[in-house]
1. Please report 16, 72, 191 as a ranked list, fewest other C-beta atoms within 10 angstrom at the top and most at the bottom.
2. Roughly how far apart, in whole Å, are the Cα centres of region 6-20 and region 58-105?
3. Here are a few candidate values for volume of the Cα convex hull per residue in Å³: (1) 124; (2) 113; (3) 176. Which one was actually calculated from the structure I just gave you?
4. Among 31-38, 3-10, what's the highest-first ranking by average C-beta atoms within 10 angstrom per residue?
5. Nearest 0.05, what FRET efficiency do residue 43 and residue 86 give at R0 = 25 Å with Cβ-Cβ as r?
6. Is it possible to state the helix-based mean residue ellipticity at 222 nm for the chain, with each DSSP H run of 4+ residues giving -39500 (n - 2.57), the sum divided by total residues, to the nearest 500 deg cm²/dmol? What is it?
7. Which whole-number percent gives the relative contact order of the chain, counting Cα pairs below 8 Å spaced six or more residues apart?
8. Arranged by the count of other C-beta atoms within 10 angstrom, fewest first, what order do 179, 129, 170 take?
């Protein structure tokens with residue numbers, strides 16, 4: 001069963017909210033009802049000193065039952081009027097873009113099976129594009145925390161994992177994204193396209 005299809009179909013008609021940028025955590029956004037989350041210290045191979053330091057602390061936050069975390073990646077938000085911002089934009093410009101992205105509904109997700117670069121498209125013309133820092137990066141680009149504790153993660157080397165967030169990182173299994181591209185009608189492309197539609201029971 002394609003974990004990308006079954007995951008994103010469950011976000012059908014869910015409003016995006018809580019779009020937030022932090023220089024140490026990067027970008028994140030929520031879907032669904034708000035809940036309190038505790039992130040325990042974790043192991044990271046990031047080259048960033050700030051990210052390594054952050055990983056040694058526990059964090060308490062209020063997020064949606066679905067929480068998308070853009071981690072070790074560049075990102076760009078573009079609105080329907082071509083207004084766009086990145087992590088290097090001014091706080092004023094970022095806040096405006098994040099406010100306008102909030103309240104939109106996810107309609108399509110496109111993932112490059114070789115690099116993990118991802119485009120999230122929204123119903124009111126907004127988009128969020130994510131790409132790796134370096135061409136040889138195998139770090140996590142984004143993580144989608146799901147109800148019931150599962151996390152869907154995409155790396156910059158074209159691999160993904162779909163497992164309980166409580167699993168020991170040493171036991172986490174990684175799979176190639178291209179496996180699911182081959183099952184699409186247009187098998188000549190390297191892009192995995194996931195329409196956000198009919199829901200299935202959450203896991």
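1. On the way: 16 26, 72 22, 191 16.
The fewest-first ordering by Cβ neighbours comes to 191, 72, 16.
2. 14
3. Evaluating volume of the Cα convex hull per residue in Å³ on these atoms matches (1).
4. Values: 31-38: 13.4, 3-10: 18.8.
Per-residue Cβ counts within 10 Å, averaged per peptide and sorted highest first, yield 3-10, 31-38.
5. On the way: r = 28 Å, r/R0 = 1.12.
My answer for the efficiency is 0.35.
6. Values: 4 runs with 27 residues, N = 203.
Mean residue ellipticity, 222 nm, calculated: -3500 deg cm²/dmol.
7. Details: 450 pairs, mean separation 48.0, N = 203.
So the answer I get is 24 percent.
8. Details: 179 12, 129 18, 170 6.
Listed from fewest to most nearby Cβ atoms, that is 170, 179, 129.
A short reminder: the numbers here are calculations on the coordinates, not readings from a lab. Values in this document were obtained by computation on a predicted structure and should not be read as measured data. Note that we place each Cβ from the backbone using ideal geometry, even for glycine, and neighbour counts take in every protein chain shown.
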